[in-house]
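Every number here is computed from the coordinates shown, using simple stated rules; none is lab data. Quantities reported herein were computed from a predicted structural model and do not represent experimental measurements. Positions of Cβ are backbone-derived with ideal geometry, glycine not excepted, and every protein chain shown enters the neighbour counts.
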Amino acid sequence: MNTAHPFATKAARAAYIDRRLGELYPETPIPLQHRDAYTLLVAVLLSAQCTDVQVNKITPSLWARAHTPESMSRVSVAEVEAIIRPCGLAPQKARAIVALSRQLVEQHGGQVPRGFAELEALPGVGHKTASVVMTQAFGEPAFPVDTHIHRLAQRWKLTNGRSVEQTERDLKRLFLRPHWHQLHLRMIYYGRQQCTARGCDGTVCEICRTLFPDRKRAVVTRK
Ligand code: SF4
């Protein structure tokens, strides 16, 4: 390894990325519109294989019909499915939304629980969804890794892992815990705006050029 290079280590790259993303995105609004932890949980569930923009178009109609676990648990799966159809995977998502609402009423007093184990026990809720709710609704330390963050962590050589789980572990080790919340949002913004090319050679945008100045620029495939 060339230790003379200022960004030869993961720690040096992480420090630069943390600082630069903070400069680029001083504000970190949460992309999914919501009213509280419950509506955020449902919005995150809807966002699976769907854009946040599309989810934000759908949720006002859904909240107009029901926006609490109690009221949603009384809506039929078919009705929820009809409202959320433009988000895709509507049958599975509708079943999960109604089932998790009932579970919240029956097991958690109609409240979204503030814990990974309880969240991940809800229908349709995996570790990433639970992490989003923990950090974005409750301000608890969590580092949700979506496809953008997973790809950027690899392109920026912050992780050697191929799995999302390994990427999450590596990012949590590299970045200060109080930074996780804003940093994961900033990485999502950057990924959405800048790192969109599957075949990018890693020489196109600012952070890669800064971190890896010795990369030879090949054919630019980014559109
Ligand atoms: S240079 Fe390419 S790989 Fe690197 S962040 Fe930009 S788009 Fe992604």
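Per residue of the chain, the DSSP helices (runs of n ≥ 4 H) give a summed -39500 (n - 2.57) that works out to -16000 deg cm²/dmol at 222 nm. Taken over the chain, lysine pairs spaced eight or more positions apart, or on distinct chains, with alpha carbons under 24 Å apart number 12. Plainly put, the stretch 39-107 has a radius of gyration that is 0.92 times its Kirkwood radius, both from alpha-carbon atoms, as the Rg/Rh ratio. In the distance distribution for the stretch 1-143, Cα-Cα pairs more than 24 Å apart total 38 percent. Unpaired cysteine residues in the chain (no second Cys Cβ under 4.7 Å): CYS195, CYS200, CYS205, CYS208. A simple spin-label model places the labels of LYS172 and GLN107 2.1 nm from each other, with each point 7 Å out along Cα-to-Cβ. Of the peptides 128-137, 5-14, the ranking by mean beta-carbon count within 10 Å, highest at the top, reads 128-137, 5-14.
Indicate the gyration tensor shape class of the stretch 69-170 (rounded, prolate or oblate), computed on the Cα atoms with a ≥ b ≥ c the square roots of the eigenvalues: a/c under 1.5 is rounded; otherwise a/b larger than b/c is prolate and the rest oblate. Verdict is oblate for the stretch 69-170. According to the calculation over all Cα-Cα pairs in the stretch 161-203, the P(r) per 5 Å bin from zero is 5, 19, 19, 25, 23, 8, 1 %.
Averaged over residues, the count of other Cβ atoms within 10 Å places the peptides 103-111, 187-195 in the sequence 187-195, 103-111, highest first. Shape of the stretch 11-54 from the C-alpha gyration tensor: prolate (a/c of 1.5 or more and a/b above b/c, with a ≥ b ≥ c the square roots of its eigenvalues).
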